[in-house]
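Worksheet for the structure shown next.
The values are calculated or read from the model by the stated rules, or taken from the named source; none is laboratory data. Because the structure is predicted, anything quoted here is derived from the model rather than measured. Backbone-built Cβ (ideal geometry, glycine too); neighbour counts: all protein chains shown.
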Amino acid sequence: RSVTAPLRSLATAADRIGIDAAAADVPQDGPREVRRAATAFNRMQASIRGLFAERTRILAAVSHDLQTPITRLRLRAELMDDAALRDKVLDDLAEMQALVEEGLAYAGSTAAPKEAEGATDLDALAASLVADYADAGQPVTLAGACEKTLVTRPRTLRRLLGNLASGIGNDGRP
């Protein structure tokens, strides 16, 4: 018991790490080797807390600082004469604002926020991405159709597909 109880406590703490940032340190009792393991674990946990706090500060600062230029761009876009271009710019700014809000929510939590799932027309999503790239003068084409609706996180899927399309060169290779 003198060995297994401290090991059980260490195992429980290891299971909690990353879930409960404010978890108490592991008691440093039991045989010398177990005490050393508990001490090392507590140092590791303190280091992770520090890294988590730093990540939170940086993410919150960047997300917060991006809101001002997004607001300025939105005001400028509202003054654009070309209605079609204005709508596209405002849509892009709304997408950027959503990313900033996700960043702020993530900074204040221990896990990434989960976007609500919804029915997504995959062909419409792909066509929308192709249109965005075409508007930006990028040589992206869409071949075929899947004719499927998928229950997914639409903004996350759009961002994923956009990242994939951005990573492919003109020769079709990443």
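Do we have any residue at all in the stretch 27-44 that's within 29 Å of Ala98 (Cβ to Cβ) and not aliphatic (A, V, I, L, M)? Give the steps one after another, and end with the answer.
From the stretch 27-44, those within 29 Å of Ala98 (Cβ to Cβ) are none; that's our starting set.
Taking every residue of the stretch 27-44 in turn, none turns out to be within 29 Å of Ala98 (Cβ to Cβ) and not aliphatic (A, V, I, L, M).
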Residues being surrounded by 13 or more Cβ atoms within 10 Å (Cβ to Cβ), among the small types (Gly, Ala, Ser) and not in a helix (DSSP H, G or I) - total across the stretch 18-77
4
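Residues are listed down the side, and each one gets a yes or a no for (1) in contact with a Ser or Thr (Cβ under 6 Å, 6 or more places away or on another chain); (2) aliphatic (A, V, I, L, M); (3) farther than 30 Å from Ala13 by Cα:
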site	(1), (2), (3)
Thr56	no, no, no
Ala60	no, yes, no
His64	no, no, yes
Leu79	no, yes, yes
Asp82	no, no, yes
Asp87	no, no, yes
Ala98	no, yes, yes
Glu101	no, no, yes
Would a scan of the stretch 114-134 turn up a residue that is within 30 Å of Asp25 (Cα to Cα) and surrounded by fewer than 12 Cβ atoms within 10 Å (Cβ to Cβ)?
yes
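Taking the condition out of contact with any strand residue (DSSP E or B) (no Cβ under 9 Å at 6 or more places or on another chain), β-branched (Val, Ile, Thr) and either closer than 30 Å to Ala24 by Cβ or at pLDDT below 85 (or both), does Thr71 pass? Before the answer, list the steps.
Details: out of contact with any strand residue (DSSP E or B) (no Cβ under 9 Å at 6 or more places or on another chain): yes; β-branched (Val, Ile, Thr): yes; either closer than 30 Å to Ala24 by Cβ or at pLDDT below 85 (or both): no.
No, not satisfied.
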